[in-house]
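Only one structure is covered here, and it is reproduced in the block below.
The values are calculated or read from the model by the stated rules, or taken from the named source; none is laboratory data. What you see is a predicted model, and the numbers here were worked out from it, not measured in a lab. In this analysis, Cβ positions are derived from the backbone assuming ideal geometry, glycine residues included, and neighbour counts consider all displayed protein chains. All accessible areas refer to the heavy atoms of the entire protein, side chains included, with ligands and DNA or RNA removed. Shrake-Rupley method; radii C 1.70, N 1.55, O 1.52, S 1.80 Å.
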Amino acid sequence: QAQLVESGGDWVQAGGSLRLSCTTSGRTDSSATMGWFRQGPGKEREFVAAIGGGTYYASFAKGRFTISRDNAKNTMYLQMNSLKPEDTAVYYCAAHRAILVFPTTGHYDYWGQGTQVTVSS
């Protein structure tokens, strides 16, 4: 069993930057797929980015967000630049036991509790 804890969510003005962190504990595979998802107010959860077997980004994240991981620290990051009000959401990290063939889907084994990101105009 693995536990995931997100941090780094905050309030920021449009155009600003934030770095989210996801620290894992318990049984995790450093090569397994991990991902970020988000759920905005009144919206369904959507894929943001994933890493493990490559890196993958949603179209809205390309060029603005960067996913990375530090296996020595058991931590995954999401650097978010040029933030927009529509990026306002609860951001969740997720981890799978192995490499996911389709990392953009929500079929991950473990999920964090989420961290709030609010972008004001």
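Hey, can you tell me all the residues within the stretch 49-68 that are assigned to a strand (DSSP E or B) and surrounded by 15 or more Cβ atoms within 10 Å (Cβ to Cβ)? I'd like the intermediate steps shown before the answer.
So in the stretch 49-68, the residues assigned to a strand (DSSP E or B) come out as 49-51, 55-57, 65-68.
Across the stretch 49-68, the qualifying residues are A49, A50, I51, Y56, Y57, F65, T66, I67.
Please identify the pairs in which a residue from the stretch 32-47 that is within 18 Å of M80 (Cβ to Cβ) has its Cβ atom under 7 Å from the Cβ atom of a residue that is polar (S, T, N, Q) and in a strand (DSSP E or B), counting only partners at least 6 apart or on another chain.
These pairs meet every condition: R45/Q39.
Before we move on, is T66 at pLDDT 95 or above, of a type in the set (V, I, T) and under 10 Å from the mean Cα position of the chain (by Cα)?
Criteria met by T66.
Among the listed residues T28, T23, which satisfies the condition of being under 17 Å from Y110 (Cβ atoms), open to solvent by 20 Å² or more (accessible area, probe 1.4 Å), at pLDDT 95 or above and not aliphatic (A, V, I, L, M)?
On the way: T28 fails: at pLDDT 95 or above.
After applying the criteria, what remains is T23.
Only residues that are open to solvent by 20 Å² or more (accessible area, probe 1.4 Å), modelled with pLDDT of 95 or more and under 12 Å from the mean Cα position of the chain (by Cα): list them for the stretch 69-114, please.
R69, Y77, Q79, V90, Y92, W111, Q113, G114
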